[in-house]
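Structure, as structure tokens:
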Amino acid sequence: MSRRDEIAAGLAETEQRIQSACDAAGRDRDEITLIAVTKTYPASDVELLAELGVTEVGENRHPEAGDKHAEVAAALTWNFLGGLQTNKAGAVTQYADVVHSVDRAKLARSLDRGAESAGRVLGCLVQVDFDTTDPGRSGVTPDAVADLADLIAGADHLRLDGLMTVAPLGVEPRPCFDQLVALGATLRETHPGAAMISAGMSADLEDAVHAGATHLRVGRSILGDRPVAG
Ligand SMILES: *Cc1c(COP(=O)(O)O)cnc(C)c1O
């Protein structure tokens, strides 16, 4: 099988999972955007995804993400999903359209300065963490969402797009996704434009669809096992 056929098969299988989850949840497939997570896979895979109709890709590391963006000619929306050091924020604003992993005020300010010098407006999601046992994880606690969201919404070169989470390891993902969706509804009372709910990966996309996610971030289910750890 050619790589193109492999990816087409992975994409079709993933689409089927999303459609079944939509059917079960009584949701319309059009409410959901699939982000193909291409971290560790080559730029040639990104090109194939674009040929197959994928419009959004996700990357979690700089400079890998920037290198790939420079190599890929197709017009795509580039989502940055990973933990981000403040000193790399400026570089990431050069190519990212939306950063899903904004989890502190200092990072938001750096992204705002970077977007200003790049002459663009950067979409931002507040990353929320529901794990109370592991202090090393990225993301703000639910009670800290409002302050960080206000800061992003008030920054001249940032746009508050919504919320993102990664389900903690070893627990049922569904309650976390439900909480994220509820937080999103509260957030929209003060920021009506913050409509994105980014949740669900290969292992738990059905739970995310049921909860009400608008954006799924899916790698392995489309592209197969990763070439290297990431
Ligand atoms: C890698 C990654 C994904 C995709 O994970 P898969 O298991 O390959 O679907 C989604 N979100 C984030 C933040 C990631 O780092």
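Numbers below:
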{"read-out": "Subset of region 11-27 (residues that are outside any helix (DSSP H, G or I) and crowded, with 16+ Cβ neighbours inside 10 Å)", "value": "27"}
{"read-out": "Subset of region 118-140 that is without any contact (Cβ under 8 Å) to a residue 24 or more places away in the chain and of a type in the set (Gly, Ala, Ser) - its residue that is surrounded by the most Cβ atoms within 10 Å (Cβ to Cβ)", "value": "119"}
{"read-out": "Filter result for the condition that a residue is assigned to a helix (DSSP H, G or I), within 16 Å of the ligand (Cβ to nearest atom) and of a type outside the set (Lys, Arg), over 150, 207", "value": "207"}
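Per-residue answers, yes or no, for (1) at pLDDT 95 or above; (2) within 29 Å of residue 111 (Cα to Cα); (3) among the β-branched types (Val, Ile, Thr):
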{"site": "159", "(1), (2), (3)": "yes, yes, no"}
{"site": "164", "(1), (2), (3)": "yes, yes, no"}
{"site": "167", "(1), (2), (3)": "yes, yes, no"}
{"site": "175", "(1), (2), (3)": "yes, no, no"}
{"site": "196", "(1), (2), (3)": "yes, yes, no"}
{"site": "201", "(1), (2), (3)": "yes, yes, no"}
{"site": "204", "(1), (2), (3)": "yes, no, no"}
{"site": "208", "(1), (2), (3)": "yes, yes, no"}
{"site": "214", "(1), (2), (3)": "yes, yes, yes"}
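Here is a yes/no grid of residues against (1) within 16 Å of the ligand (Cβ to nearest atom); (2) in a loop (DSSP other than H, G, I, E, B); (3) touching a helix residue (DSSP H, G or I) at 6+ places or on another chain (Cβ under 6 Å); (4) modelled with pLDDT under 95:
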position	(1), (2), (3), (4)
50	no, no, no, no
53	no, yes, no, no
61	yes, yes, no, no
67	no, no, no, no
74	no, yes, yes, no
79	yes, no, no, no
90	no, no, yes, no
95	no, yes, yes, no
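The values are calculated or read from the model by the stated rules, or taken from the named source; none is laboratory data. Fair warning: this is a prediction, and the values are worked out from it, not measured in the lab. Note that we place each Cβ from the backbone using ideal geometry, even for glycine, and neighbour counts take in every protein chain shown.
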